[in-house]
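The values are calculated or read from the model by the stated rules, or taken from the named source; none is laboratory data. Remember, it's a predicted structure, so these values are computed and weren't measured experimentally. Note that we place each Cβ from the backbone using ideal geometry, even for glycine, and neighbour counts take in every protein chain shown. Just so you know, the surface numbers come from the protein's heavy atoms only, side chains and all, with ligands and any DNA or RNA stripped out. Shrake-Rupley method; radii C 1.70, N 1.55, O 1.52, S 1.80 Å.
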Amino acid sequence: MPYRIALLLLAVFGTFVSSSTSFAGERPNLIFLLTDDQRFDALGCMGNPVIKTPNIDRLAQEGVVFDNAFATTAICATSRASFLTGQYARRHGVVDFKTVLTPEAFSETFPALLRKAGYRTAFIGKWGVGNNLPADQYDYWKGFAGQGKYFVDGQPHMTRRLENQTLEFLDTCQPDEPFCLQVSFKAAHCQDGPGWQFQHAPEYADYYAEDGITPASTANEVGYQKLPSQLQGGESRVRWGRRFDGDEMYQKNVKDYYRLLTGVDDFVGAMTKKLAEKKLADNTVIVYTSDHGFFLGEHGLAGKWLMYEPSIRIPMIIYDPRLPKADRGQRCDDIVLSIDVAPTLLTLAHVPVPSSMQGSSLTPFLTGQHPADWRTEFLYEHLFPHATIPQSEGVRSEDWKYISYEKTQPKLEQLFDLKNDPQEENNLIDDPKFAKQRDAMRARLDQMRTEFQ
């Protein structure tokens, strides 16, 4: 039965039931906010003692916060493809900056499926998955290729430009026409190359000026020298030299990074105000997350890519105003992933999730449920070909992490006891006391390589 006919029956008879999903009640509007390079703890609601993010914190207080959220790949293009498709990189195939999703693959992304189901779709900001922009696949398109620039002559700061476009789109929305809006920020990504790294808007220049940022215990030369030689001297260290080489540079760049994210928080405030003005707020679900994490000097590194916690952990908040008060303000400790967002958005919209998606809907957690068969581990993969960023794959469980760098010379493996070594300083791969754990995780990685093809 065509979906639009089903909706007409729903309006007449109240409930339409298919073999896979029950369609009942009003479909919510959906807003997916994706920041760039925002590590999991760069929010007030995640316990950061310095950064001020009151608008995002309000979403957390009234929604559900996922404290153990991860990107399955910590690089821009691959991660964004995973958000769109709900798939690991080894399935969707986007492992560099040139590859695009085929028309067949795009047809099973969440925006394409929502549009097919009658949603009005919009994309604003950094596309990030190749340079072939799918403007004709959206009803409202303000996307751009590449990284873009924070400052363009005669225009506001990029985050404000995205805000203006978002408000423009919301002004065209009506309560009786569901929409899905994706906003993909450049913030808090650096402006690549030498020079001013984190180019915030001028109005934030004095923010955090009186604060002192305490570096991580590994953010020093001792932490760097403890790294295996195969991980030293690469792109992560080059970028460390531009951002965190010495306390003065470290303080300035971390504060600038926070200032960019404060701009995003102000965006959220303006957006939610507009939703209220348009009488859309009570039926609009907001998902807030980041494409991956970011090193702020840990292990003497900058950037992302590697499978250390600062690189792969991300913020994840789902705000659903329809939740009863008893279900708001929850904190969830279960492992959730970037590939879970697409099936979550589809489930919220009562649209069947295609079998091609490898993530799982997070909707049970919104009402305090914890599925008994929920994952306790996941596959990490970084297959991007680069001369000085080693490819890696690994398994991260609740208490352990195993990483394999297949192409380094010699081959590198790491095993971390996350419960007793949360800073990931002590590689146990050659410790005979942990041989059983090492062998089990090696075998699990081999199994996952096939399982998630």
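Some points to look at:
- Single condition Asp192 does not satisfy, out of (1) modelled with pLDDT under 95; (2) in contact with a Phe, Trp or Tyr (Cβ under 9 Å, 6 or more places away or on another chain): (2)
- Any chance Thr262 is polar (S, T, N, Q), closer than 22 Å to Gln191 by Cβ and in contact (Cβ under 8 Å) with a residue 24 or more places away in the chain: yes
- In segment 245-258, residue least open to solvent (accessible area, probe 1.4 Å) [restricted to those that are farther than 16 Å from Asp192 by Cβ and in contact with a Leu (Cβ under 9 Å, 6 or more places away or on another chain)]: Val254
- Of the residues in segment 162-172, none is of a type outside the set (D, E, K, R), in a loop (DSSP other than H, G, I, E, B) and crowded, with 16+ Cβ neighbours inside 10 Å.
- Yes/no for Thr284 being closer than 18 Å to Gly86 by Cα, modelled with pLDDT of 95 or more and crowded, with 17+ Cβ neighbours inside 10 Å: no
- Members of segment 307-329 found to be closer than 25 Å to His382 by Cα and outside any loop (DSSP other than H, G, I, E, B), listed by number: Glu309, Pro310, Ser311, Ile312, Arg313, Ile314, Met316, Ile317
Yes or no, residue by residue, for (1) assigned to a loop (DSSP other than H, G, I, E, B); (2) of a type outside the set (Lys, Arg); (3) touching a residue at least 40 places away in the same chain (Cβ under 8 Å):
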{"site": "His370", "(1), (2), (3)": "yes, yes, no"}
{"site": "Phe384", "(1), (2), (3)": "yes, yes, yes"}
{"site": "Thr388", "(1), (2), (3)": "yes, yes, yes"}
{"site": "Lys419", "(1), (2), (3)": "yes, no, no"}
{"site": "Asn426", "(1), (2), (3)": "yes, yes, no"}
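- Residue that is nearest to Ala302 (Cα to Cα) [pool: residues in segment 226-246 that are assigned to a helix (DSSP H, G or I) and of a type in the set (S, T, N, Q)]: Ser236
- Yes/no for Thr289 being outside any loop (DSSP other than H, G, I, E, B), open to solvent by 30 Å² or more (accessible area, probe 1.4 Å) and at pLDDT 95 or above: no
- Taken over segment 349-383, the criterion of being surrounded by fewer than 22 Cβ atoms within 10 Å (Cβ to Cβ), among the polar types (S, T, N, Q) and in contact with a helix residue (DSSP H, G or I) (Cβ under 7 Å, 6 or more places away or on another chain) is satisfied by Ser360, Ser361, Thr363, Thr367.
- Count - residues of segment 225-257 that are of a type in the set (D, E, K, R) and under 24 Å from the mean Cα position of the chain (by Cα): 6
- Total residues in segment 166-184, condition farther than 16 Å from Tyr119 by Cα and either without any contact (Cβ under 8 Å) to a residue 12 or more places away in the chain or touching an Asp or Glu at 6+ places or on another chain (Cβ under 6 Å) (or both): 1
- Identity of the residue in segment 384-418, within 24 Å of the chain's Cα centre (by Cα) and farther than 24 Å from Asp291 by Cβ, that ends up most open to solvent (accessible area, probe 1.4 Å): Asp399
- Once segment 306-318 is narrowed to residues that are open to solvent by less than 10 Å² (accessible area, probe 1.4 Å) and over 12 Å from the mean Cα position of the chain (by Cα), the residue that is farthest from Pro228 (Cα to Cα) is Ile318.
- Checked against the criterion of being surrounded by 13 or more Cβ atoms within 10 Å (Cβ to Cβ) and either farther than 21 Å from Tyr258 by Cα or at pLDDT 95 or above (or both), the candidates Ser236, Ser229, Ser217 yield just one match: Ser236.
- Any hit, segment 79-95, residues being open to solvent by 10 Å² or more (accessible area, probe 1.4 Å), touching a Ser or Thr at 6+ places or on another chain (Cβ under 7 Å), free of Cβ contacts under 8 Å to residues at least 24 places away in the same chain and not in a helix (DSSP H, G or I): yes
- Filter result for Thr72 (modelled with pLDDT of 95 or more, among the polar types (S, T, N, Q) and either open to solvent by 30 Å² or more (accessible area, probe 1.4 Å) or out of contact with any Phe, Trp or Tyr (no Cβ under 7 Å at 6 or more places or on another chain) (or both)): no
- Filtered by the rule that a residue be open to solvent by 40 Å² or more (accessible area, probe 1.4 Å) and farther than 23 Å from Leu362 by Cβ, segment 46-65 gives Pro49, Lys52, Pro54.
- Test: Lys304 is of a type outside the set (Asp, Glu), closer than 22 Å to Lys126 by Cβ and touching a residue at least 40 places away in the same chain (Cβ under 8 Å): yes
- Selected residue (criterion: surrounded by the most Cβ atoms within 10 Å (Cβ to Cβ)) from residues of segment 319-348 that are hydrophobic (A, V, I, L, M, F, W, C) and more than 23 Å from Tyr88 (Cβ to Cβ): Leu323
- Any chance Ala302 is modelled with pLDDT of 95 or more, open to solvent by less than 20 Å² (accessible area, probe 1.4 Å) and either of a type in the set (Phe, Trp, Tyr) or more than 26 Å from Lys186 (Cα to Cα) (or both): no
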